[in-house]
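Values in this text are rule-based calculations from the coordinates and carry no lab data. Predicted model only: the values in this text are computed from it and were never measured. Methodologically, a virtual Cβ is constructed for each residue, glycine included, from the backbone with ideal geometry; neighbour enumeration extends over all protein chains shown.
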Amino acid sequence: MIEELLKKSSLKNTKQRHIILSVIESAKEPITAEEIFKTLVMDDHKINLSTVYRTLHVLTEKNVLLKILKGDGTASYELNELSHSHYITCSKCNNSILIENCPLKDLNESISRKTGFKVTGHSLQFTGICAECLKKQKNKNKEE
């Protein structure tokens, strides 16, 4: 899978790229640069945090990765596969929940027909306040 993504983007399969992409691939949800770095350190890989950031930047620019911005401004990354995911992130606690189906399939097809472009990816970010934070906020308002 990793080799195919890199080859399709005309990138060499370097040791650093492979290791970083392996960490992202094994993550259950989008992962931040710091979380990637911590995993690499725990696994005794000798990669600097700056190398992680540079690699993520290149892989995002080449559409190997999708960059997802959270409500607090931090970025997390996931593989740019045909079966991608969307999340809604709480702007209070930063908890993220997976949205089961991509809501943009019809829009992608419409844009392709109207523009002649082949849509190869998109980024959609939902933010809000989760049920738990709303409950806490409601309880706090009652106390005041």
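For Asn63 and Ile97 in the same chain, what is the full-extension length gain: residue separation times 0.36 nm, less their Cα-Cα distance, in nm?
Roughly 9.9 nm would be gained on extension.
Using DSSP to define loop residues, name the trypsin sites (Lys or Arg not before Pro) in the range 88-123 whose beta-carbon has at most 13 other beta-carbon atoms within 10 Å.
Sparse-neighbourhood loop trypsin sites (Lys or Arg not before Pro): Lys118.
What is the fewest-to-most order of Lys70, Lys46, Lys7 by other Cβ atoms lying within 10 Å of their Cβ?
By the 10 Å Cβ count, ascending, the order reads Lys46, Lys7, Lys70.
How compact and how long is the chain, expressed as Rg and Dmax of its alpha-carbon atoms in Å?
17.9, 59
With each pseudo-label sitting 7 Å past Cα toward Cβ, what's the Val119-Lys28 distance in nm, one decimal?
3.0
Expressed in nm to one decimal, what extension gain is obtained for the pair Gln16 and Tyr53 from 0.36 nm per residue of sequence separation less their Cα-Cα distance?
Full extension of this stretch gives 12.2 nm more.
Specify the angular offset, from 0 to 90 degrees and rounded to the nearest 10, of the alpha carbon long axis of helix 49-61 from the longest principal axis of the alpha carbons in the chain.
80
How about the range 74-140: which GluC sites (Glu not before Pro) there lie in a loop by DSSP and see at most 11 other Cβ atoms within 10 Å?
Passing sites in the range 74-140 are Glu100.
If you stretched the chain out fully between Glu109 and Glu144, how much longer would it get, using 0.36 nm times the residue separation minus the C-alpha to C-alpha distance?
Taking 0.36 nm per residue and subtracting the Cα distance, the gain is 7.5 nm.
Please work out whether the range 87-144 counts as rounded, prolate or oblate from its C-alpha gyration tensor, where a ≥ b ≥ c are the square roots of the eigenvalues and a/c under 1.5 means rounded, while otherwise a/b larger than b/c means prolate and anything else oblate?
Note, shape of the range 87-144 comes out prolate.
So what's the angle, to the nearest 10 degrees on a 0 to 90 scale, between helix 33-42 and the longest Cα principal axis of the chain?
On a 0 to 90 degree scale, this one is about 70.
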